Every structure is written in structure tokens, then in C-alpha cells.
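Here the structure comes first, spelled out in C-alpha cells, and everything after it is commentary.
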């Protein structure tokens, strides 16, 4: 059973994307561990637009303009405020995030670990889980990413659905871009190792 089924078995939104990579699961997992969100110009552009949308709210709240997101340095598996909720090396990893994503400057819960993600039960917040599943056949590894979002409170869920109707396309676009970049990283490393032999 995929780990994401244990992490977030109930959800209101699910999005799945896959890519075939000519590399071993070990190479793909290593590329995943090294991947940085900030390496994607597409991501930087869309995230900048997202931050601009929340600027008036931050100013009204008199909050600092900097958030706790740092996309340049940490790899995706160490990117706060995400936490690793479940992991089996070279097979699957699930990241968790909690927030009110539909708000212009969304409040997010700073989680210490995966156990805190699992225990969290405020129905007005959305729980999001993003998994990376690696399946090997012959000399190809299929890397699948699935994102699930669960919003228990009906009013919050309605607001989230409006938000998702706007950003859902761009969310999928970013995940496809991410998978392609991880594929290039894993395959170029495999080719480099083969050239040494």
C-alpha cells in the first residue's frame, strides 16, 4: 500500500503526474533528494506572482514581507514548512503541509515532524500531502508524484475549491516541470557513470 494512503486516506482534491526515467531507483531518489524548487524559473515566476497577491494583506497585518520559504538552499525533502511524514528510501516519500492556502497571505502551521502533521485536527485548515513514488521495471524507473488535500470544514473547503479552480492548472504545470528536471538530473548522472566504465 502506498504510504500516502496511510498519511492522508481521505481527501477532497487529488492530482497525479508520472514520468519514466532511464535510471535506477537509487539514482532517481538521489536526484529527488538534491532537487531544489528554486532551480525552476517557472516556479520562481509563479511564486513571485503569488507573493505579490498577498502583499496588501501582509501590509495590513503589519507582518514582515519575508516568509519562511527558502527555495534556493534546501532540497525539496528538507524544504520548510514541509515535513517528511513517511519515507522508505528509494521507494516512496510523503511530505506534509498545513495551511489556509486560499488566503492571499496564507497562514501556515510550522510543524516539527510528521507525527505533528498526523495529529493536527483543526478543521478550518487544509492538510496537504505530496508523495513521490518510485516503481522500477527493467531499466526504467517510473516516478509518480501525487498531491492530496483534505479540508474538513465545509466553508473552508468551498473557499479552497475556488482557489484550486484558479491555481490547479498551474499546480499541475509546476509538477510536470519538476518531474522533467528530476529526470534530467537522474539520467545525466547515470550517463556520466556509464561513461566512466
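Can you tell me which of (1) at pLDDT 95 or above; (2) touching a strand residue (DSSP E or B) at 6+ places or on another chain (Cβ under 9 Å); (3) surrounded by fewer than 19 Cβ atoms within 10 Å (Cβ to Cβ) is the one residue 107 doesn't meet?
It is condition (1) that residue 107 fails.
Criterion first (touching a helix residue (DSSP H, G or I) at 6+ places or on another chain (Cβ under 6 Å), outside any helix (DSSP H, G or I) and modelled with pLDDT of 95 or more) does residue 147 satisfy it?
no
Restricting the range 161-185 to residues that are modelled with pLDDT of 95 or more and touching a strand residue (DSSP E or B) at 6+ places or on another chain (Cβ under 6 Å), which is farthest from residue 84 (Cα to Cα)?
Checking each candidate, the answer is 183.
Taking the range 127-141, which residues are part of a strand (DSSP E or B), out of contact with any helix residue (DSSP H, G or I) (no Cβ under 9 Å at 6 or more places or on another chain) and surrounded by fewer than 19 Cβ atoms within 10 Å (Cβ to Cβ)?
137, 140
Only residues that are over 17 Å from residue 89 (Cβ atoms) and in contact (Cβ under 8 Å) with a residue 40 or more places away in the chain: list them for the range 131-141, please.
Hits for the range 131-141 are 139, 140.
So for the range 118-126 (the condition being touching a residue at least 24 places away in the same chain (Cβ under 8 Å), assigned to a strand (DSSP E or B), under 16 Å from the mean Cα position of the chain (by Cα) and buried (at least 21 other Cβ atoms within 10 Å of the Cβ)), does at least one residue qualify?
Among the residues of the range 118-126, at least one is touching a residue at least 24 places away in the same chain (Cβ under 8 Å), assigned to a strand (DSSP E or B), under 16 Å from the mean Cα position of the chain (by Cα) and buried (at least 21 other Cβ atoms within 10 Å of the Cβ), which makes the answer yes.
Would you point out which residue out of 93, 28, 85 is in contact with a strand residue (DSSP E or B) (Cβ under 6 Å, 6 or more places away or on another chain), in a helix (DSSP H, G or I) and at pLDDT 85 or above?
Exactly one of 93, 28, 85 is in contact with a strand residue (DSSP E or B) (Cβ under 6 Å, 6 or more places away or on another chain), in a helix (DSSP H, G or I) and at pLDDT 85 or above, namely 28.
Could you check the range 51-82 and list, in sequence order, the residues that are within 20 Å of residue 129 (Cβ to Cβ) and either in contact with a helix residue (DSSP H, G or I) (Cβ under 9 Å, 6 or more places away or on another chain) or at pLDDT 60 or above (or both)?
Within the range 51-82, 69, 71, 74, 75, 76, 77, 78, 79, 80, 81, 82 meet the criteria.
The values are calculated or read from the model by the stated rules, or taken from the named source; none is laboratory data. Bear in mind the structure is a predicted one, so any value in this text is a computation, not a measurement. Note that each Cβ is placed from the backbone with ideal geometry, even for glycine, and that neighbours are counted across all protein chains shown.
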